[in-house]
Amino acid sequence: MKIFVPRDAAARAVGADKVAAAIAEEAEKAGLDVTIVRNGSRGLLWLEPMVEVETPAGRIAFGPVKRADVAGLVAAKFAADHPLCAGRPEDIPFLKRQTRITFARCGVIDPLSLDDYRRHGGGRGLERAQSLGAAATVEEVTRSGLRGRGGAGFPTGIKWKTVADTRADRKYIVCNADEGDSGTFADRMIMEGDPFLLIEGMAIAGFAVGASKGYIYIRSEYPDAIRTMERAILLWPIDGFDLEVRVGAGAYVCGEETSLLESIEGRRGQVRAKPPLPAHKGLFGKPTVINNVLSLTSVPAILADGAKHYADLGMGRSRGTMPIQLAGNIKHGGLFEAPFGLTLGELVEEIGGGTASGRPVRAVQVGGPLGAYFPKALFDTPFDYEAFAARDGLIGHAGVVVFDDTVDMLHQARFALEFCAIESCGKCTPCRIGSTRGVETIDKIRRGEKVEANLALIEDLCNTMKFGSLCALGGFTPYPVSSALKHFPEDFRRPLPKAAE
Amino acid sequence: MSSYDGKLVMMANQIGRFYGPQKQVDPATAIATHIRKFWDPRMRAAIVAHLDQGGVGLDPPVHKAVERLKAAP
Amino acid sequence: MSLVHETDYGTPVSKSTERVTLTIDGQQVTVPAGTSIMRAAMDTGIQVPKLCATDSVDAFGSCRLCLVEIQGRAGTPASCTTPVAPGMVVSTQTDRLKKIRKGVMELYISDHPLDCLTCAANGDCELQDMAGAVGLRDVRYGYNGENHTRQEKDESNPYFTYDPSKCIVCSRCVRACEEVQGTFALTIQGRGFESKVSPGASFDDFLSSECVSCGACVQACPTATLSEKSLIEIGQPEHSVVTTCAYCGVGCSFKAEMRGEELVRMVPYKDGKANRGHSCVKGRFAWGYAHHKERILKPMMRESIDQPWREVSWDEAIDRVASEFKRLQQKHGRLAIGGITSSRCTNEEVYVVQKLIRGGFGNNNVDTCARVCHSPTGFGLSQAFGTSAGTQDFDSVEESDVIVVIGANPPDAHPVFASRMKKRLRQGARLIVIDPRRTSLVKSAHIEADYHLPLRPGTNAAILNALAHTIVTEGLVNEAFVREHCDRDAFEAWAEFVAQPQNSPETVGLLAGVDPAAIRGAARLYATGGNGAIYYGLGVTEHSQGTTTVMAIANLAMVTGNIGRKGVGVNPLRGQNNVQGSCDMGSFPHELTGYRHISDDAMRETFEVLWGRKLDNEPGLRIPNMFDEAIEGRYKGLYVQGEDILQSDPNTAHVVKALSSMECVVVQDLFLNETANYAHVFLPGATFLEKDGTFTNAERRINRVRKVMTPKTGMGDWEITIAIAKAMGFDMHYDHPSQIMDEIARMTPTFAGVSYDLLEREGSVQWPCNAKAPLGTPVMHIGGFVRGKGNFLITEYVPTDEKTGPRFPLLLTTGRILSQYNVGAQTRRTANVAWHKEDVLEIHPHDAEQRGVREGDWVRLQSRAGETALRATITDRVAPGVVYTTFHHPDTQANVITTDFSDWATNCPEYKVTAVQVSPSNGPSEWQREYNAQAEHSRRIAAPNSAKIAAE
């Protein structure tokens, strides 16, 4: 009997290792012949650890499985009538509603089995790229409409073309896996669940632009992903393309592409002014493609199945699918890959099932700690770069964090500024000083000092930071602050709680 | 030989060891020219006087050069 | 008079030849492609507000004041980091920009102390200027928030303070340390609001850090955070005068910033073509000797050297000099006296000294301190190329691909040029270092030599022959260049010679202690790596084969075609500020100005006509010959201007003997130097701040020295020489040094076009400067050699007679350190002693262990010439068998050890090779104690109108 127990860090965090060990132990006791495969996660996080059993009718899922449940499950020989049985994973509505392109294999295969990878269609993208040639590969990516999944949404094909057209003795592919946004985990999941996909995507990029060396910059907080990628690199050496994992040191700002390059070069993680663009002068001064994990892992399917197949999905200028991460106070949290175009309300209320606390949703923050807070009134906003921008929001890395009606939005605004103060690299003035002054000013508002004047000052500060900052850290900090002020003004004008008598 | 003369002999021989291997010029002529151009007359007189006393220590081409110096100071 | 204000264009100049036209605030402007919008705006006179940008470092984009709007582009890009584009339409002032700028300034000021009135930068503060420029009127955040205003000052550096409370974290200092100086001593510590400029590790202060005190950070700082202590003490200067540094041969231009006649600070001058706005610790800060209490301000005399000095009037002193010299000539003959010109004095001063000697003394017993440093350069290069000077300007290094440094340590001895060289190396130029020591250039921040050939001292010529052997036998000769520009027969004779097996890297490697593969690799790199430039120093010249080695260098440059254009060449790094000039000015006993032999009758007669005197047509004595003749009793009187021959010339005992044999030694200097201990008349000199004139640097650049204060002694050095001449009956009349230069120009073909007017207009010029090259000659031998065809001379290796043996098993070599200059007469009288209090002996761990020497121990250093004692430091910078020391301190007397062996052609002393023994010691040697007692005795100055003798 083949049993799948996820090795994904999110599953391990809720006891997957213990469950796997218990299954082996109980099966041996029961004389049951089992093969345990440590797969990636399917991304149905409320069901983790989600154990799957291979049956003639396909795989059957059980979850969430605790160690204490294992003896019973083994005794029942994982029968479908067990109370923890969730049926065929593909039939679970959360998964069924998805269009899995990037995450097609995640949770299905053994992440470190190259055979498994190939059996499930892996490797076809690189093969096709090589048969098309470098220029046609870039063209294919351009035609797919793929935009940078790190947050900025810059067309990937155009970036590649710039690097391809820049002459240099050496070029680099850098994968940004410094996934630091609150409520995001897609990069981690795919690296832990389908690492060869990232290797293939980077190899295609290298082939397309003429780079022979790639770096994957992974945050140190992702030890499982680091280990998995390092092993996968050893298992799949690619001719003419050398890959190396570099580990970050805990700075959020190193997710900003130029800081990330500085960090790989061994310097302080400090933002570089642009121009020059990394595509012209990037890592070690050489033309560099720097892409997010999700951008690079979207590429193999685009090459394998053709640009049109991908471009036919989505809405407006946002083409293809987006791996959306539902998190925070939400009933059904997890990874939801779907074409652009679902509304925020659909995502939160229908797919996510509302809050985990059962209380009404009050605010949703999309795009990480520097994304805007949207009230329910904006739940009709479709998941699309331009539609969010039109409402002073951003998709970012597609992290969706839900808050119920107990949230204090003044506190959330303060948190954004405090986050910026802690994570600022210190290079530019608006971010370096502005974030600290912002926290102090919010505190004055909380204390009821010159509330209207200080609110005006915060508005001015947001203007200074938004248009004056060197990078998105300082430049986007105003989004959560301004949106909180705009949509939840009542939280900033509360009378001081009376001191206890 | 006085230490003063010894020094001059050594200096002249040093010059000789540079011009000796030159192919483009006659070493003795070149050595004599160099000494004539750069040595104070008293030094030149002293090395000629040293030659007159037997020229102990002067390497062969230098010996020849000092002879020329004597002929045309 | 007013302050010389320099325009800060914000970002460096673009070297592109492509031109771009754009519109800024309605004005059309055309600039080189790659120029920043900020610089383009400045070109039309539009000053975009800025704080983090300054044109000495690359754009950084951190202050966010210089934002602009560009038609058709989103956002508000920084004008410093955004390059111009054709047709671009830029607005530098809009409501949106005004609001952002005011917002940014409000943040800055919310974290800045409000002590403008008592701040050292008051009146010269960019933060203050920008607050004004953006119209900041209110800081709504208040001043009670988190701030840095109570941080402690770092006052460890003797010359400047670091006050972090005033820091705006623009990183200009950090970037200047990296980009301009190349030391990488500074960093930003912490991040976000905690960001703070820090010298190295957290436990470091500026003095204990790797900071070399070049001043680039102070220069770059827009506020009072990094301020000169002199500025803090005195206040802002009110006028400034551009002049030239009087330390090394780089010849940096500085603005002497003054308040009245008080010097407030020396600030490197951006338009200085040698230094391009950079400086080192000496030129920038170490000028305090000019008013040191030990400086002598009155003429002094005595009958004999065991008497105390007696202060006298100028007239009395000058009369004594003239009458003594005349007496000696009457008694011992016309040739019994002579003089030494100074490479520290101006061209004009050197010229009048040699004129005094040739015209007034009637002989050619004139020499200069270049004798003991670069005389082989002059002779060697004149034989090979036809000119006694380096071939390039310093800017040339910016186009070099392979840089070869032989026997030179630029980061210590020529720091400002070293910074420019290191910048090029960081851009990717390759580096070959040929030096017995592992100098800092071999491996330092972001720089590593491709090849270091750590040769045994004294084997330079052999190594260079081995490089040539590789080039010739491996078919790397630049045939086209040799065919077109060189003497064919000479080339073939030379090629046959270097191809001989005794010149192969394998044979030479054995005797020089260098890996043959490295020799071959270095030769291939130099021959094939693009523009190859050779820079060399006294490690080449101060050998018995110094001249031969200079010729071998010239051969290498010719055989590879690395001559006659930018980026290549043969570049002697001159030791003192005016070594080149003093040689040019006819200081050598055998030649008049412009290197023309005294025996050239037609040329000599032009001087005779002008000066109204018959000149001797025979060469005079060189410095070492003067000593020998003095000991022989035939040389009795000496006029020494600005050189401490006793401390700086080799074999001190020999020099002492020579000086003691003379009857009238006249020393003209700022201080009672070591030579003055044996002098009979002391004439107090003027500092470079006290006179007008010119210096000529290592790149043949004639730079103006300008008087910024009245001579404290009442006389400029040139005036003293003229007074002596007059007293001896040789009247030369000049009202101003410019007239001396006019005479030099009239008499010297290579200087024909030089005048103070021209220098005023052009800033500086490089000779030859004449009708053919009215604005001077940055690069020589373009399209052909000055002598016609380049001459290959055979450079057979001749081992020095100075050999190690059982008594003296180690080889001593000597050199300099950054903070001290030469014999230290100036730098020892400044706060530079904070970095280098004494000379120490570097010894390899292996040799130290054999002798039981531990770090910091006193050791006895002996050679056949003498012995001294100093402290040892154990390091593998030197190879086993080699020891090294500096010669900056008279207490050490390194030259007691060095011998009187010298270069075959020029008598330049063989300072760099002395066989020595090192043994443990308890302290200073007997010699040092006796010497110090004599010196102390000799420096006594009698109190005026009193018989009492006051110790100095």
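The values are calculated or read from the model by the stated rules, or taken from the named source; none is laboratory data. In this text the structure is predicted, and so the values were computed from the model without any measurement. Heads up, the Cβs are rebuilt from the backbone with ideal geometry, glycines too, and the neighbour counts pull from every protein chain shown. Side chains included, ligands, DNA and RNA excluded: accessible areas come from the protein's heavy atoms. Shrake-Rupley method; radii C 1.70, N 1.55, O 1.52, S 1.80 Å.
Filter the stretch C:193-239 down to the residues that are open to solvent by 50 Å² or more (accessible area, probe 1.4 Å), closer than 28 Å to A:CYS431 by Cβ and among the charged types (D, E, K, R), then identify the one that is nearest to the chain's Cα centre (by Cα). Lay out the reasoning, then the answer.
Just the residues of the stretch C:193-239 that are open to solvent by 50 Å² or more (accessible area, probe 1.4 Å), to begin with: C:194, C:196, C:202-203, C:205, C:207-208, C:210, C:219, C:229, C:232-233, C:238.
So of that shortlist, the ones also closer than 28 Å to A:CYS431 by Cβ come out as C:194, C:196, C:202, C:219.
Still in the list and also among the charged types (D, E, K, R): C:194, C:196.
Numbers: C:GLU194: 40, C:LYS196: 34 Å.
Filtering the stretch C:193-239 for residues that are open to solvent by 50 Å² or more (accessible area, probe 1.4 Å), closer than 28 Å to A:CYS431 by Cβ and among the charged types (D, E, K, R), the one nearest to the chain's Cα centre (by Cα) comes out as C:LYS196.
Counting only residues that are farther than 17 Å from C:VAL609 by Cα, among the polar types (S, T, N, Q) and outside any loop (DSSP other than H, G, I, E, B), how many does the stretch C:346-374 have?
2
Just one of A:GLY240, A:GLY255 is under 16 Å from A:TYR172 (Cβ atoms) and not aromatic (Phe, Trp, Tyr); which is it? Walk me through how you get there before you give the answer.
Details: A:GLY255 fails: under 16 Å from A:TYR172 (Cβ atoms).
The unique qualifying residue is A:GLY240.
Within the stretch C:681-718, can you find the residues that are open to solvent by 20 Å² or more (accessible area, probe 1.4 Å) and either free of Cβ contacts under 8 Å to residues at least 40 places away in the same chain or more than 25 Å from C:HIS374 (Cβ to Cβ) (or both)?
C:ASP692, C:ARG706, C:LYS707, C:THR710, C:LYS712, C:GLY714, C:MET715, listed by residue number.
Quick one: count up the residues across the stretch A:128-138 that are open to solvent by 20 Å² or more (accessible area, probe 1.4 Å) and in contact (Cβ under 8 Å) with a residue 24 or more places away in the chain.
5
Tally the residues that are in contact (Cβ under 8 Å) with a residue 12 or more places away in the chain and more than 9 Å from chain A (Cβ to nearest Cβ), restricting the search to the stretch C:106-133. Before the answer, list the steps.
Narrowing the stretch C:106-133 to residues in contact (Cβ under 8 Å) with a residue 12 or more places away in the chain: C:106-114, C:116, C:119-128, C:130-131, C:133.
If we keep only those that are more than 9 Å from chain A (Cβ to nearest Cβ) too, we end up with C:109, C:112-114, C:116, C:119-128, C:130-131, C:133.
Here the count works out to 18.
Does C:GLY586 fit the bill of being over 29 Å from C:ASN365 (Cα atoms) and in contact (Cβ under 8 Å) with a residue 12 or more places away in the chain? Break it down into steps so the answer makes sense when it comes.
On the way: over 29 Å from C:ASN365 (Cα atoms): no; in contact (Cβ under 8 Å) with a residue 12 or more places away in the chain: yes.
Criteria not met by C:GLY586.
So which residues in the stretch C:69-101 are among the hydrophobic types (A, V, I, L, M, F, W, C), closer than 21 Å to A:THR258 by Cα and surrounded by fewer than 22 Cβ atoms within 10 Å (Cβ to Cβ), if there are any at all?
Scanning the stretch C:69-101 gives a single hit, C:ALA74.
Filter the stretch A:461-475 for residues that are modelled with pLDDT of 95 or more and open to solvent by 40 Å² or more (accessible area, probe 1.4 Å); which is nearest to C:LEU51 (Cα to Cα)?
A:PHE467
Filter the stretch C:577-603 down to residues that are within 14 Å of another protein chain (Cβ to nearest Cβ) and more than 28 Å from C:ARG704 (Cβ to Cβ) and give me whichever is nearest to the chain's Cα centre (by Cα).
Top of the filtered list is C:PRO589.
Which residues, counting only those in the stretch B:3-51, are outside any helix (DSSP H, G or I) and either basic (Lys, Arg) or at the interface with another protein chain (Cβ under 9 Å from one of its Cβ atoms) (or both)?
As a first pass, look at the stretch B:3-51 and keep what is outside any helix (DSSP H, G or I): B:20-26, B:39-40.
Of everything in the stretch B:3-51, those that are outside any helix (DSSP H, G or I) and either basic (Lys, Arg) or at the interface with another protein chain (Cβ under 9 Å from one of its Cβ atoms) (or both) turn out to be B:GLY20, B:PRO21, B:GLN22, B:LYS23, B:GLN24, B:TRP39, B:ASP40.
Being within 11 Å of chain A (Cβ to nearest Cβ), out of contact with any Gly (no Cβ under 7 Å at 6 or more places or on another chain) and open to solvent by less than 20 Å² (accessible area, probe 1.4 Å) is the filter here; which residues of the stretch C:161-192 pass it?
Correct list: C:ILE168, C:CYS170, C:SER171, C:VAL174.
Could you tell me which numbered condition C:SER587 fails, if it satisfies all but one of (1) closer than 19 Å to C:ILE463 by Cα; (2) crowded, with 24+ Cβ neighbours inside 10 Å?
(1)
Any idea which residue in the stretch A:444-460 is most open to solvent (accessible area, probe 1.4 Å), counting only those that are among the charged types (D, E, K, R) and under 17 Å from A:ASP408 (Cα atoms)? Write out each step before concluding.
To start, the set of residues in the stretch A:444-460 that are among the charged types (D, E, K, R) comprises A:444, A:446-447, A:449-450, A:452, A:459-460.
Now restrict to residues that are under 17 Å from A:ASP408 (Cα atoms): A:444, A:446-447.
On the way: A:LYS444: 41, A:ARG446: 98, A:ARG447: 120 Å².
The qualifying residue most open to solvent (accessible area, probe 1.4 Å) is A:ARG447.
Go through the stretch A:252-280 and give me each residue that's open to solvent by 20 Å² or more (accessible area, probe 1.4 Å) and touching a Ser or Thr at 6+ places or on another chain (Cβ under 8 Å). Full working, then the answer.
Step one: of the stretch A:252-280, the residues open to solvent by 20 Å² or more (accessible area, probe 1.4 Å) are A:252, A:255-257, A:262-263, A:265-270, A:272, A:274-277, A:280.
Residues satisfying the conditions are A:ARG268, A:GLY269, A:GLN270, A:ARG272, A:LYS274, A:PRO275, A:LEU277, A:HIS280.
I'm told A:ARG227 meets every condition in (1) part of a loop (DSSP other than H, G, I, E, B); (2) within 25 Å of A:ALA10 (Cβ to Cβ); (3) open to solvent by 50 Å² or more (accessible area, probe 1.4 Å) except one. Can you identify the failing condition by its number?
Here A:ARG227 meets the rest and fails (1).
Residues to consider are C:CYS66, C:CYS119, C:CYS125; find the one that is modelled with pLDDT of 95 or more and open to solvent by 20 Å² or more (accessible area, probe 1.4 Å). Before the answer, list the steps.
Values: C:CYS66 fails: open to solvent by 20 Å² or more (accessible area, probe 1.4 Å); C:CYS125 fails: open to solvent by 20 Å² or more (accessible area, probe 1.4 Å).
Every option except C:CYS119 fails the conditions.
Just one of A:ALA71, A:ALA80 is over 23 Å from A:THR184 (Cβ atoms) and either open to solvent by less than 40 Å² (accessible area, probe 1.4 Å) or part of a helix (DSSP H, G or I) (or both); which is it? Don't jump to the end; show me each part of the working.
On the way: A:ALA80 fails: either open to solvent by less than 40 Å² (accessible area, probe 1.4 Å) or part of a helix (DSSP H, G or I) (or both).
A:ALA71 is the lone residue from the list that is over 23 Å from A:THR184 (Cβ atoms) and either open to solvent by less than 40 Å² (accessible area, probe 1.4 Å) or part of a helix (DSSP H, G or I) (or both).
Given the criterion closer than 28 Å to A:ARG119 by Cβ, touching a Phe, Trp or Tyr at 6+ places or on another chain (Cβ under 9 Å) and of a type in the set (Asp, Glu), identify the matching residue among A:GLU192, A:GLU179. Can you show your working first?
Numbers: A:GLU179 fails: closer than 28 Å to A:ARG119 by Cβ.
Every option except A:GLU192 fails the conditions.
Here's a check for you: in the stretch C:781-821, which residue that is hydrophobic (A, V, I, L, M, F, W, C), touching a Gly at 6+ places or on another chain (Cβ under 8 Å) and within 24 Å of C:VAL570 (Cβ to Cβ) is surrounded by the fewest Cβ atoms within 10 Å (Cβ to Cβ)?
Initially, the stretch C:781-821 is screened for residues hydrophobic (A, V, I, L, M, F, W, C), giving C:782, C:785-786, C:792-794, C:798, C:808, C:810-812, C:817-818.
So of that shortlist, the ones also touching a Gly at 6+ places or on another chain (Cβ under 8 Å) come out as C:782, C:785-786, C:810-811.
Within this subset, residues satisfying the condition of being within 24 Å of C:VAL570 (Cβ to Cβ) are C:782, C:785-786.
Values: C:ILE782: 13, C:PHE785: 23, C:VAL786: 17.
The residue in question is C:ILE782.
Those residues that are without any contact (Cβ under 8 Å) to a residue 60 or more places away in the chain and open to solvent by 10 Å² or more (accessible area, probe 1.4 Å), I need them from the stretch C:822-841; list them, please. If you could, list the steps in order and put the result at the bottom.
Looking only at the stretch C:822-841, we keep the residues that are without any contact (Cβ under 8 Å) to a residue 60 or more places away in the chain, and these are C:833, C:836-840.
Listed by number, the residues that qualify are C:VAL833, C:HIS836, C:LYS837, C:GLU838, C:VAL840.
Each row is one residue, and each column tells you yes or no for (1) of a type in the set (Ser, Thr, Tyr); (2) open to solvent by less than 10 Å² (accessible area, probe 1.4 Å); (3) at pLDDT 95 or above.
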residue	(1), (2), (3)
C:ARG310	no, no, yes
C:SER323	yes, no, yes
C:GLY339	no, yes, yes
C:GLY359	no, yes, yes
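With C:ALA512, C:ALA522 as the choices, which residue is farther than 26 Å from B:GLN22 by Cβ and among the hydrophobic types (A, V, I, L, M, F, W, C)? Spell out how you get there, then give the answer.
Working: C:ALA512 fails: farther than 26 Å from B:GLN22 by Cβ.
The conditions single out C:ALA522.
From (1) open to solvent by 10 Å² or more (accessible area, probe 1.4 Å); (2) closer than 23 Å to C:SER419 by Cβ; (3) within 14 Å of chain A (Cβ to nearest Cβ), pick out the condition that doesn't hold for C:LEU136.
(2)
Residue-by-condition table, conditions (1) more than 14 Å from chain A (Cβ to nearest Cβ); (2) open to solvent by 40 Å² or more (accessible area, probe 1.4 Å); (3) hydrophobic (A, V, I, L, M, F, W, C):
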{"position": "C:SER16", "(1), (2), (3)": "yes, yes, no"}
{"position": "C:VAL20", "(1), (2), (3)": "yes, no, yes"}
{"position": "C:PRO49", "(1), (2), (3)": "no, no, no"}
{"position": "C:SER56", "(1), (2), (3)": "yes, yes, no"}
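Among the residues of the stretch A:43-68 satisfying the criterion of being touching a strand residue (DSSP E or B) at 6+ places or on another chain (Cβ under 8 Å) and not hydrophobic (A, V, I, L, M, F, W, C), which is surrounded by the fewest Cβ atoms within 10 Å (Cβ to Cβ)? Spell out how you get there, then give the answer.
Of all residues in the stretch A:43-68, those touching a strand residue (DSSP E or B) at 6+ places or on another chain (Cβ under 8 Å) come to A:43-47, A:50-54, A:59-63, A:65.
So of that shortlist, the ones also not hydrophobic (A, V, I, L, M, F, W, C) come out as A:43, A:52, A:54, A:59, A:63.
Working: A:GLY43: 31, A:GLU52: 25, A:GLU54: 15, A:ARG59: 19, A:GLY63: 25.
Here the residue is A:GLU54.
Scan the helices (runs of 4 or more DSSP H) fully inside the stretch A:380-440 and keep the ones with 3 or more residues being modelled with pLDDT of 95 or more and not assigned by TED's automatic domain parsing to the domain that holds A:GLY341. Give the steps one after another, and end with the answer.
On the way: elements: A:385-390, A:409-423, A:429-432.
Qualifying helices (runs of 4 or more DSSP H): A:409-423, A:429-432.
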